[in-house]
Amino acid sequence: MTPITSPVMNEHSFLAWIDQAQPGDSISYHEGLLGVDRARDPSALPGSARSELDRIADHAMAQAKDGCLLLVQRRIAEDRIAYIAIKASGDKPRRN
């Protein structure tokens with residue numbers, strides 16, 4: 001496998017996509033192994049790219065917790081996964 005040396009997209013582009021996406025739209029925000037690529041030692045990403053990926057992943061998780069995004073993964077190869085954000089409908093499920 002060729003190591004990932006830069007994020008699929010930058011933080012500004014990811015945030016712009018969130019603002020403009022319609023429910024059901026999706027975007028791949030990272031390809032690789034997210035946990036490894038965010039870590040300092042095993043990652044092949046340079047420090048600045050790793051920091052950018054960290055911010056993108058944090059935004060994705062925060063938006064998912066707020067119900068704005070659904071986060072899914074698709075295996076591309078044995079050691080490469082596409083991390084995909086899907087814009088949610090905005091309808092929050094009812095809690096009993």
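The values are calculated or read from the model by the stated rules, or taken from the named source; none is laboratory data. None of these values were measured; they are calculated from a predicted model. Here the Cβ positions follow ideal geometry from the backbone for every residue, glycine too, while neighbour counts run over all protein chains shown. Ligands, DNA and RNA are stripped out before the accessible areas are found, and what is left, the full protein with its side chains, is counted by its heavy atoms. Shrake-Rupley method; radii C 1.70, N 1.55, O 1.52, S 1.80 Å.
Looking at M9 and the list (1) modelled with pLDDT of 85 or more; (2) open to solvent by 50 Å² or more (accessible area, probe 1.4 Å), which single condition is not satisfied?
(2)
Restricting to the range 37-96, give me the number of residues that are open to solvent by less than 40 Å² (accessible area, probe 1.4 Å), assigned to a loop (DSSP other than H, G, I, E, B) and within 20 Å of A21 (Cβ to Cβ).
Summing the residues that are open to solvent by less than 40 Å² (accessible area, probe 1.4 Å), assigned to a loop (DSSP other than H, G, I, E, B) and within 20 Å of A21 (Cβ to Cβ) in the range 37-96 gives 2.
Residues of the range 26-36 being under 19 Å from S89 (Cβ atoms) and open to solvent by less than 60 Å² (accessible area, probe 1.4 Å), which ones?
Answer for the range 26-36, where residues must be under 19 Å from S89 (Cβ atoms) and open to solvent by less than 60 Å² (accessible area, probe 1.4 Å): just I27.
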